[in-house]
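The values are calculated or read from the model by the stated rules, or taken from the named source; none is laboratory data. This one's a predicted model, so the numbers in the text were calculated from it and none came from an experiment. Here the Cβ positions follow ideal geometry from the backbone for every residue, glycine too, while neighbour counts run over all protein chains shown. Quick note on the areas: whole protein, heavy atoms, side chains included, nothing else; ligands and nucleic acids left out. Shrake-Rupley method; radii C 1.70, N 1.55, O 1.52, S 1.80 Å.
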Amino acid sequence: MIPEFTFEIPNSKDLQQKLVRGYGDNFDEHMAHHPLLTIRTIRHCVTKNFNIDVKTFEAIEHNSFRINTVNIMAVREELEQILLSPRPAIGIQMMYESTLLLEMLPDIVQLTKQFDADQNNYYEITVQRLAESDNTIQARWKTLLMFVPPARAKKILQNFLYSEEFIVTLL
């Protein structure tokens, strides 16, 4: 039997601190059984301007590899909400720190190892520009993939089941 779990904020201290905390006997185990919670927790934080409790974040890190077992449309929906949130750059950074980004978009993580002529890290440029881009899914994806080679960017978008029409408008 899966232990009881809720994302509700049960006490006023967490609410005042704007903190998301996984409650229950074994939250890590619960997240292992429900891996969509890994990205959903981050989405909740960036859309509601909350932070994640350390133990909850550790559970996300520990279970990030399981995101690949989730229906891609459910993952895409959560990712789109992160990208369209008021804090998309923070969401991508949280995904990076938790290794969710490595599981979902390894090409973006690879940008941390690439630099321009002025030694600016492409990943940092991407995250900065993401925060400044227009609040449309097309603009956010275009910014996120701006340093990814077009053939690889097309494959990423196909993996997220975007239409060819959508892909052509971005690339």
Conditions (1) outside any helix (DSSP H, G or I); (2) in contact (Cβ under 8 Å) with a residue 24 or more places away in the chain; (3) open to solvent by 70 Å² or more (accessible area, probe 1.4 Å): number failed by Q119: (2)
Members of the range 76-99 that are buried (at least 20 other Cβ atoms within 10 Å of the Cβ) and on the phi > 0 side of the Ramachandran plot: none
Filter result (among the β-branched types (V, I, T) and either assigned to a helix (DSSP H, G or I) or in contact with an Asp or Glu (Cβ under 6 Å, 6 or more places away or on another chain) (or both)) within the range 17-64: T38, I39, T41, I42, V46, T47, V54, T56, I60
Given (1) crowded, with 17+ Cβ neighbours inside 10 Å; (2) among the hydrophobic types (A, V, I, L, M, F, W, C); (3) at pLDDT below 95, number of the condition I156 does not satisfy: (3)
Enumeration of residues in the range 102-128 that are over 26 Å from I72 (Cβ atoms) and of a type in the set (A, V, I, L, M, F, W, C): F115, A117, I125
Unmet criterion (only one of (1) within 18 Å of R140 (Cα to Cα); (2) modelled with pLDDT of 95 or more) for R66: (1)
Residue ranges of helices (runs of 4 or more DSSP H) in the range 73-114 with at least 2 members closer than 18 Å to K142 by Cβ and under 10 Å from the mean Cα position of the chain (by Cα): 88-98, 100-104
